[in-house]
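The values are calculated or read from the model by the stated rules, or taken from the named source; none is laboratory data. Since the model is a prediction, treat every value here as computed from it, not as a measurement. Heads up, the Cβs are rebuilt from the backbone with ideal geometry, glycines too, and the neighbour counts pull from every protein chain shown. The protein model used for the area step is the full one, side chains on, heavy atoms only, and it has no ligands, DNA or RNA in it. Shrake-Rupley method; radii C 1.70, N 1.55, O 1.52, S 1.80 Å.
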Amino acid sequence: MAQARGDKRLDPAVLDRLEGLELVARTVVEGTLSGHHRSPLRGSSAEFAQHREYVAGDELRRLDWKVFARSDRLVVKEMFEETTLACHLLVDASESMAFGSLEWSKFDYARWCAAALAHLVIGERDTSGLVLFDAKERVKVPPSSGERQKHAIWKALEAAQPSGPTGVGGVLQWFAGRLRKRGIVAIYSDFFDDLPSVVEGLRRLRHEGHEPILFQVLDPLELSFDIARLVRLDGLEGAGMLKVDPKALRQAYVEEITAHNRELARHAAAMGVDYVQLDTSRTLEVALTTYLAHRKARARGGRR
Amino acid sequence: MFDGFVNPALLAGTLLALVPLAIHLLNRQRYKPMPWAAMRFVLAAYRKTRRRAQLENLILLLLRMAAVALLALAIARPFVGDQSPLAALAQSRRDIAIVIDASASTGYRADVKSSFERIVERAREIVLELDAARDDRVRVIVASARPRLVAWRRPDEALSVLGTLQAPTDESLDLAAALGEVVRLAEEDARGSTQSALEVRLLTDLQRSNFESGGEDDGAPALREQLEALRKLGCRVAVEDLGAREEVPPNLGVAAIEPLAEVLGPQAPCDVAVTVRNFGPVARNGVRVTLTIDEDGKLPYRPVDVPAQGEGKVVFPVVFPTAGAHVLSARIESDRLATDDVRAQVVLVPPAVRVLLVNGEPRPEIEQDEVGFLGAVLDPPRGDEVLAGGAARPFEPRTVEPHELRDPALDLAQVDVVVLANVDGLAQDSVERLERWVAEGGALVITLGDKVDATGFNQRLFKADGTGLAPAELGGRMAIARRDGYHRVREFVLDHPAFRFFADERWRPLLTEVPIYEFRGARVHDGARVLARLDDEAASPLLVEKSYDRGKVFLWTTSIDPEWTRLPESPRTLVPLVHEWLRYAGRTAVPPRNVPVGGTLALDVESFRQGVELVLPEGGRRPLDPGEQAAGATRRRVTAIGATERAGVYRIEAEGGTSEPFAAQLDPREGALARISAVELVGVHPSLELASASETRSSDPEESAPPKGELWRGIAIACFVALVCESLWAAWIGRSRSTP
C-alpha cells in the first residue's frame, strides 16, 4: 500500500479517490510546495551575471546600492537572461503500464505525476507539452503555456488508456529529432524495453540539448515479486504465459529486475541524466521535487 | 530380493507412494492466473533457476514417495533367507512349535521323573533358549486325543503355561491331529512364500502305536499326510525321545471287565471276567487282581498269571443285589504306569420286564386262555426252572382284560411291554393312550386270533402314512386244515435279539419246524421290518417290527395260544422266543454308561428333575445344562460333552436322589509302551528325525529350511531417515526461496 510521507495529500491512495486529474494535479503541487518546498521560482529566480554602469532608463531596483555605498558608483546588476523553460512530458501508455497490484495502475500513477508537473510548469509560466506513446507516438499535445494548455494536457491524460506494445527506446530516438525547443524531457515509463535502445534514445536527447529525467514507474509487486501461491503469469503485450512457483523464482527475478534498473540508472548517470524510480505505493512527492531541482538549476543558467 | 512377506496383503500399501506424486501433479493444476508486465525478467529468472528448482522438487518428491513406500514395506515385513544379498541386514528370529505328547503312556515313571515330567522340563529348556527381544516366537501344542494350542506367541507366555502342566491326560495320542495343527501354523508362517522357517519339536515317549503304519483303519495314513505337508513347507519334525530306556518297558494293565452271563438280573449270580494284559517282555505270575462292586463291595483278590505280551483272565462270581447301574472296579498292583492299573465298568442290571398281558379271550383253562401259556412262561410256577429260564425272574407279568385299558388307575408308566393278545374292539381312547405310551418308549406286541376283526383293526391301529401303531395292514385269514398240513417259519432274521437263541443251528429247528395252521396275511408298511416269514407262497410275514417314536410295535400274525399254532405247546420254542423277544422289546435304548476318556455322557431324566450336576472322579462338581424336552415328553436327555477328561467313575446327579454312574475308560492300548526305533521312525516318513536334546537343527543344512530374517526394522529406520531428510530438505528449500 502507499507509504505516505509527510503530506497525506500525496498519498496515492488518497489521490486515487479524487475525481478528476485537475484536482489531483493541484493537490500534488500544493502538497509538494507546502511545508518543505518553496517555489524556487518565487522572487528573482535570475542568477547575477555581472555589473555595468548605470544608464538612464535602467530599473532602479537593479542598482547595486552596496557598490554605490562603497564606491559612489552607480552600477546595475546584470543577470543571466531568463528564458521560458519548456517541459516535455512523455508518458508511456503501453499495455505494460496497465499493470498494478494496488488499486491504481502504473499508468494512473504516471499520469498523476504528469498532470501535476504540467500544472506546476504552466503555473510557473513555462511551457509544457505532452506525448503519449507506446511503440510510437500516440497522442501529442504540442508545447504551449496557459490554462488552456494545461487543460488540454489533462484532458489528453484522462482520455488515454494503456495499450499496445512498449517501445520506449524507439520513441525517444524519434522524439529527440522532433523537439524544437530545448527543455526538460520528463519521461514516465517502466522502461521494460531493451536498454541499448533506451540508452540510445537518451543519448540523442542529450545530444539535442535536452535534459531528460527518467521517471521509472514500477509497481511494488514488480519490484518484490512477493507472490505466495502458484501463479500462471500471463504476460502483457503478448509476452507469453508461464506457470511458476514464485518462491522458487523470486530471488533470481529480483536480481534480474534490479540489475536492469541498476543498469538503466548507471547509463543515465553516465549521461548526466536524472533517474528517479517511482514506486506506485509511495507518495508522489519525489516526482515533483526532482523537476523542481532541475528547474532551479536551469534558472541559474547552469545545468545540473 | 525378498523371499516373502509376513503380511503380503499389506504390500499393496506401497501404492500409496504414488499419492505424493498425485498431489504434485494435481497441484500443477492449481495455478492462479495473473497478468504480468515484467515478463522479461520472469523469463530470465526462470531460465536461470529452472533446473535447480526442478531438481529440488524432484528430490523432495522422491523423498516423500520413498518414505511412504518404505513405511508400507516395513509393515508388510519382508524376510530373506541366508542366501539373499540383504541377509546381512536381516534380523533372524526363531519360530518354534513344540508338540508335547501328553498321552496317558507318558505317565510312565521309569525313575524319579515320569516321561511327561521330563517332556515338560525339556520344553522349558527349549523355550528358555529363545530370545523375546529378537521377537522369537514359540507355539506350544499339548497333544493327546485332541491337540490344544496353549501358547502361541511370547516365550514368557509359554513358560507360564508349561508351569501349569502337571500331569498327562488319560487319552491316547492322535499325532496326526497334532501335526495337523502344526501344518496350519507352518502355513500361516509361510504366507507369501512356499517355505516356512518353523522349527518343529515333538517331545514324546516314542510309543510305537503313535507312529505305526498299518491298515487303512488306523491313523497312520493321516499321519503321513501331515508329515508330507510339513515336508513341502520345508519343515522337519525333530523328535526328542524322553521316554523309558527300554525298548519294551514292562507294564501290566487292566484291559477289560465284562460280565459273562447273558442275562443279568438282580440277585442272579453272574461271573465277571477281568482281563489283565501284560505289555512287557517278561511273563508275570501271580498278579493280584481285586474287584470291587459299587465301591464298597470288595471281593477277595484273585491271582492271575499273565504271559509276556499276552493277557490273563480272572473270573469273579458276582451277585448284583438290585437292578440298576452298578460300578465294577478292577485293580492290580500299581506299577510304573499307574493309570492303567485300575479300570471301572458300569453294568446295567436290568429290572424285571413289566409285561401287561391284555387278554382278548380269557378262559379258566390255561390251554384255552389266550395268554395262558404266555403268562406261564413269563411267570412260571415256583420251581419250574425250565419255564423260568433260570433262577432269576426277568419278567413281572400282569393280566388285564381289554376294557381295563380305559381305566385311569391303570398306570402304563409302570409297564414296559403291553401284549394285545387276540384283542378286538379297542376303544379309541385306549388306542390313543397306547400311542402316547409307545411314543415314550413302551413296546407293544400284537398277537392275532379269531377275535381280531381286520377291518376294525386296520381302522384303529393302521395308518397308511405310518402314523398308526400297527406295522402292517391286516389281510384275510389264511388257514390250512390240520389234517392237510401246516405252515412253518421259512426264514427269520438271525441276528435279531428276539431270535438270538435260534440263531444257533442246533436250536433253529425248534422255531422253523413248529406247525402254524392259521395266520393273517399282512401288507407291511414301508417303515416296518419283517423279522420272520412263513413258507406260504406269498412268504407272508409272521413277525413284523416297527419303531414308533421312542418305542416299538410288533405284530405276530398268528395266535399266541394254541388255537392257530402249536408253538405255545412247545416250551422249548416258546420259552426262549418269548424271553428273548420280550426282553428285547422291554429294553429301552439308553445312552452308554461306559465311554472312552473324552467321550460324552448322556442320561434321560424325568423332566421335573432339577439341579442336575456332574460329579467328577476326584469329587468336584459341575452343573449340567438341563437339556431339551420334546413336546409332551416326560423325560429329557441331559448331556455332558467333553467333560470326561480323566479315567474313572463319573456320576450324574439330580435333585430327588438320582445318582447314575458312568465310567470313562482308558484305551487299554495306552499301556503298550513298546517304543519305535530310530530306523523305524525315519521309515514312517523322511520328515521325522530323531534328535537329541543338544541338537537344534538338521544335520543336513541343504535340507533344512533356511532361517528367515526379517528386514522390517532396517526398512523402518530407512523410512524414518527419509522422513527426516524430507523435512530438512523442505525446510531448506523454503528458507532459500523465502529470502530474495
_Elements of type strands (runs of 3 or more DSSP E) in region B:143-262, at least 1 residues being among the acidic types (Asp, Glu) and more than 21 Å from the chain's Cα centre (by Cα)_ = B:198-204, B:237-241, B:252-259
*asked:* Condition first: in contact with a strand residue (DSSP E or B) (Cβ under 7 Å, 6 or more places away or on another chain) and either outside the structural domain of A:Lys296 (by TED's automatic domain parsing) or closer than 23 Å to A:Ala114 by Cα (or both). Can you find one or more residues in region A:240-261 that meet it?
replied: yes
*Restricting the first residue to region B:351-373 and requiring it to be at pLDDT below 90, which pairs with a second residue that is assigned to a strand (DSSP E or B) meet a Cβ separation below 7 Å and a spacing of at least six or different chains?*
B:Ala352/B:Phe395; B:Ala352/B:Glu396
_Condition (residue is more than 17 Å from A:Leu117 (Cβ to Cβ), touching a strand residue (DSSP E or B) at 6+ places or on another chain (Cβ under 7 Å) and not in a helix (DSSP H, G or I)) applied to region A:196-207: is it met by at least one residue?_
no
*Can you name every residue in region B:508-534 that is without any contact (Cβ under 8 Å) to a residue 60 or more places away in the chain, assigned to a loop (DSSP other than H, G, I, E, B) and either surrounded by fewer than 16 Cβ atoms within 10 Å (Cβ to Cβ) or β-branched (Val, Ile, Thr) (or both)?*
B:Glu513, B:Val514
*Applying the selection to region A:174-192, what residues are open to solvent by less than 50 Å² (accessible area, probe 1.4 Å) and modelled with pLDDT under 90?*
A:Phe175, A:Ala176, A:Leu179, A:Gly183, A:Ile184
_Selected residue (criterion: most open to solvent (accessible area, probe 1.4 Å)) from residues of region B:711-740 that are more than 24 Å from A:Arg250 (Cα to Cα) and not aliphatic (A, V, I, L, M)_ = B:Phe720
*Could you say which residue among A:Leu214, A:Leu230 is facing another protein chain (nearest Cβ under 9 Å) and either open to solvent by less than 10 Å² (accessible area, probe 1.4 Å) or not β-branched (Val, Ile, Thr) (or both)?*
A:Leu230
*Is it the case that A:Glu263 is open to solvent by 20 Å² or more (accessible area, probe 1.4 Å), facing another protein chain (nearest Cβ under 8 Å), part of a helix (DSSP H, G or I) and not polar (S, T, N, Q)?*
no
*Residues within region A:11-21 that are in contact (Cβ under 8 Å) with a residue 40 or more places away in the chain, buried (at least 17 other Cβ atoms within 10 Å of the Cβ) and assigned to a helix (DSSP H, G or I), tallied*: 3
_From A:Leu249, A:Leu278, residue being within 9 Å of chain B (Cβ to nearest Cβ) and either open to solvent by 40 Å² or more (accessible area, probe 1.4 Å) or of a type in the set (A, V, I, L, M) (or both)_ = A:Leu249
*Starting from region B:127-154, take each residue that is under 30 Å from B:Thr600 (Cβ atoms) and list its partners that are open to solvent by 80 Å² or more (accessible area, probe 1.4 Å) and outside any strand (DSSP E or B), counting only C-beta distances under 6 angstrom and pairs at least six apart or across chains.*
B:Arg139/B:Trp152
*Out of the residues in region A:103-142 that are within 24 Å of A:Asp193 (Cα to Cα), assigned to a helix (DSSP H, G or I) and open to solvent by 10 Å² or more (accessible area, probe 1.4 Å), state the one that is farthest from the other protein chains (Cβ to nearest Cβ).*
A:Trp112
*Could you list all residues from region B:454-490 that are modelled with pLDDT of 90 or more, assigned to a helix (DSSP H, G or I) and charged (D, E, K, R)?*
B:Arg460
*Could you please find all residues in region A:233-246 being at the interface with chain B (Cβ under 7 Å from one of its Cβ atoms) and among the small types (Gly, Ala, Ser)?*
A:Gly235, A:Ala239, A:Gly240
*Just to be sure, is B:Thr573 part of a loop (DSSP other than H, G, I, E, B) and open to solvent by less than 40 Å² (accessible area, probe 1.4 Å)?*
no
*Looking at (1) closer than 25 Å to A:Trp112 by Cα; (2) away from chain B (no Cβ under 14 Å); (3) not in a helix (DSSP H, G or I), which is the one condition that is false for A:Gly272?*
(1)
*Is it true that B:Arg201 is out of contact with any Leu (no Cβ under 8 Å at 6 or more places or on another chain), more than 30 Å from B:Gly648 (Cα to Cα) and basic (Lys, Arg)?*
yes
*Quick check: is even one residue across region B:552-561 open to solvent by 10 Å² or more (accessible area, probe 1.4 Å) and part of a loop (DSSP other than H, G, I, E, B)?*
no
*Can you find even one residue in region A:104-125 that is over 26 Å from A:Arg17 (Cβ atoms) and modelled with pLDDT under 90?*
yes
